[in-house]
Amino acid sequence: MVVQNGGFLFAKGKKAIGDNSDQGIENEDIEATNWEKLLQQAMAANDTRMAVRYRYMWLLQLLQQSNLIQYRNDKTNYDYFTELQETEYRQSFKQLSRLYEYAWYGNFALTSGAYNDYLAHFDHLKNQLA
């Protein structure tokens with residue numbers, strides 16, 4: 001749990017044993033996948049955790065297309081952060097990675113404020129890359 005300005009950003013989500021929601025993740029094709037479409041589906045289903053995942057994967061796709069990173073399934077987010085070492089995108093990427101890791105790997109549900117913060121950081125970085 002993270003506390004910011006006296007409020008909680010994340011709340012531990014309940015995940016049932018045997019939950020299949022994470023299956024098939026390692027088979028994602030970063031270049032061929034339409035992350036924006038998947039994001040819209042996740043938002044329609046009110047699944048903010050999956051929306052954060054898809055938005056982050058979309059970010060990796062954009063960074064790959066801009067030749068700022070070399071995407072591979074076996075790389076960590078820190079590896080990508082290191083690849084961005086000499087760019088203006090490094091700090092924004094770090095902030096987005098931190099929120100993504102709490103939501104996805106930590107299985108925390110983002111509050112609306114934390115999600116809106118994530119959206120703002122994503123949109124800013126996306127616009128910089130355009």
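Report whether or not Leu59 is crowded, with 19+ Cβ neighbours inside 10 Å and aliphatic (A, V, I, L, M).
Against the criterion (crowded, with 19+ Cβ neighbours inside 10 Å and aliphatic (A, V, I, L, M)), Leu59 qualifies.
Assigned to a helix (DSSP H, G or I) and either in contact with a Pro (Cβ under 8 Å, 6 or more places away or on another chain) or among the acidic types (Asp, Glu) (or both): does that describe Asp29?
Spelling it out, it is not the case that Asp29 is assigned to a helix (DSSP H, G or I) and either in contact with a Pro (Cβ under 8 Å, 6 or more places away or on another chain) or among the acidic types (Asp, Glu) (or both).
Across the stretch 102-130, which residue is farthest from Ile69 (Cα to Cα) among those that are part of a helix (DSSP H, G or I) and of a type in the set (A, V, I, L, M, F, W, C)?
Filtering the stretch 102-130 for residues that are part of a helix (DSSP H, G or I) and of a type in the set (A, V, I, L, M, F, W, C), the one farthest from Ile69 (Cα to Cα) comes out as Ala114.
Among the numbered criteria (1) under 16 Å from Leu59 (Cβ atoms); (2) buried (at least 17 other Cβ atoms within 10 Å of the Cβ); (3) within 13 Å of the chain's Cα centre (by Cα), which one does Glu83 miss?
Checking Glu83 against (1) under 16 Å from Leu59 (Cβ atoms); (2) buried (at least 17 other Cβ atoms within 10 Å of the Cβ); (3) within 13 Å of the chain's Cα centre (by Cα), the one that fails is (3).
Given the criteria at pLDDT 90 or above, touching a helix residue (DSSP H, G or I) at 6+ places or on another chain (Cβ under 9 Å) and among the hydrophobic types (A, V, I, L, M, F, W, C), does Phe108 qualify?
No.
Can Ala109 be described as of a type outside the set (Phe, Trp, Tyr) and in contact with a strand residue (DSSP E or B) (Cβ under 9 Å, 6 or more places away or on another chain)?
When the stated conditions are applied, Ala109 passes them.
Taking Thr82 as meeting all but one of (1) part of a helix (DSSP H, G or I); (2) in contact (Cβ under 8 Å) with a residue 12 or more places away in the chain; (3) farther than 18 Å from Ala51 by Cβ, write down the number of the exception.
Tallying (1) part of a helix (DSSP H, G or I); (2) in contact (Cβ under 8 Å) with a residue 12 or more places away in the chain; (3) farther than 18 Å from Ala51 by Cβ, Thr82 fails exactly one: (2).
The values are calculated or read from the model by the stated rules, or taken from the named source; none is laboratory data. Just so it is clear, the structure is predicted and the values come from calculations on it, not from any experiment. Methodologically, a virtual Cβ is constructed for each residue, glycine included, from the backbone with ideal geometry; neighbour enumeration extends over all protein chains shown.
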